[in-house]
1. Just add up the charged neighbours of residue 50: K/R +1, D/E -1, any other residue whose Cβ is under 13 Å from the Cβ of residue 50.
2. Provide the net charge surrounding residue 207, with neighbours chosen by a C-beta distance below 14 Å and charges set as Lys +1, Arg +1, Asp -1, Glu -1.
3. Give me the net charge of residue 99's neighbourhood, meaning all other residues with Cβ under 9 Å from the Cβ of residue 99; Lys, Arg count +1, Asp, Glu -1.
4. Reported to two decimal places, what Rg/Rh ratio describes segment 33-191 when computed on Cα atoms with Rh from the Kirkwood expression?
5. Within the P(r) computed for segment 59-125, what percentage of the Cα pairs occupies the region above 20 Å?
6. Just read off the accessible area of residue 88 with the full protein assembly in place, 1.4 Å probe, to the nearest 10 Å².
Amino acid sequence: MLTYTLTLQRTVSLLRRLLGASLPNRCLMCQQDITDDSRGICQHCLSASLYQTPTCLGCGRPMLMQMAYCGRCMAVSPLMVIASASYHQGLGEHVAAIKYQAQLAGLESLTRALVQRVIELEALAIIQRPQALIVVPLHPNRLRQRGFNQAWLIADSLSRQLDIPLVDDAVLRRVDTKSQAGLTGKQRRRNLANAFELNDDVNYQRVAIVDDVVTTGTTANTIAALFEARYIHVQVWCLARAEAPGLLDN
């Protein structure tokens, strides 16, 4: 089953790149032709949708100076979430369209923006580059229904751009859970109880868990706990972050 899963995802990744090279290149946001090296989303629209100020890696709160955490998060040091944009500031529908509509045209532009965010945080010595990229897995039943795992496609692109190994089988999804969408925090935690299992062969000091979007962080924290129990440092990388309601208004 694992071999079938990996073959399917790699086939989808290859087809996406081939189709992307052959189709007309129009921006998903402004609908204008893209004449530079961008694909799917033009550089103007992308730049306007990214974080415009330093942002806390713990909660997503705007900051005056880029540090790992804002004052509130320093007290608890939550899981670091590396994202290049807020889900609510223009890119959300295009990130969601990757998963729900198989709209993959903007994926490379979105991952390039995330790569740039990682490089900037590295240059500031705020983060250290991980040794491996870990995909948030789908249960085989869900993968067969959808035909691809969007987190794997994102991680594949990041792996190629940053030359970081993509580890397909580090985390296994043992329970075919229902969708997290629409669930409360408590329901999300109960839904994911014992859903994931960490492969015994995982032997890294630093990893990054890759997903399309982080909302409440329940999935990321559940998987991170498996690594942290083995004293492995964890970051979470995602295309966009859905901050808590009202947080960006402060």
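The values are calculated or read from the model by the stated rules, or taken from the named source; none is laboratory data. Values in this document were obtained by computation on a predicted structure and should not be read as measured data. Positions of Cβ are backbone-derived with ideal geometry, glycine not excepted, and every protein chain shown enters the neighbour counts. Heads up: the accessible areas ignore ligands, DNA and RNA and are worked out on the full protein's heavy atoms, side chains in. Shrake-Rupley method; radii C 1.70, N 1.55, O 1.52, S 1.80 Å.
1. Combined, the nearby Lys, Arg, Asp and Glu give +2.
2. -2
3. Surrounding charge for residue 99 is 0.
4. Result: Rg/Rh = 0.96.
5. 40 percent
6. Result for residue 88: roughly 110 Å² accessible.
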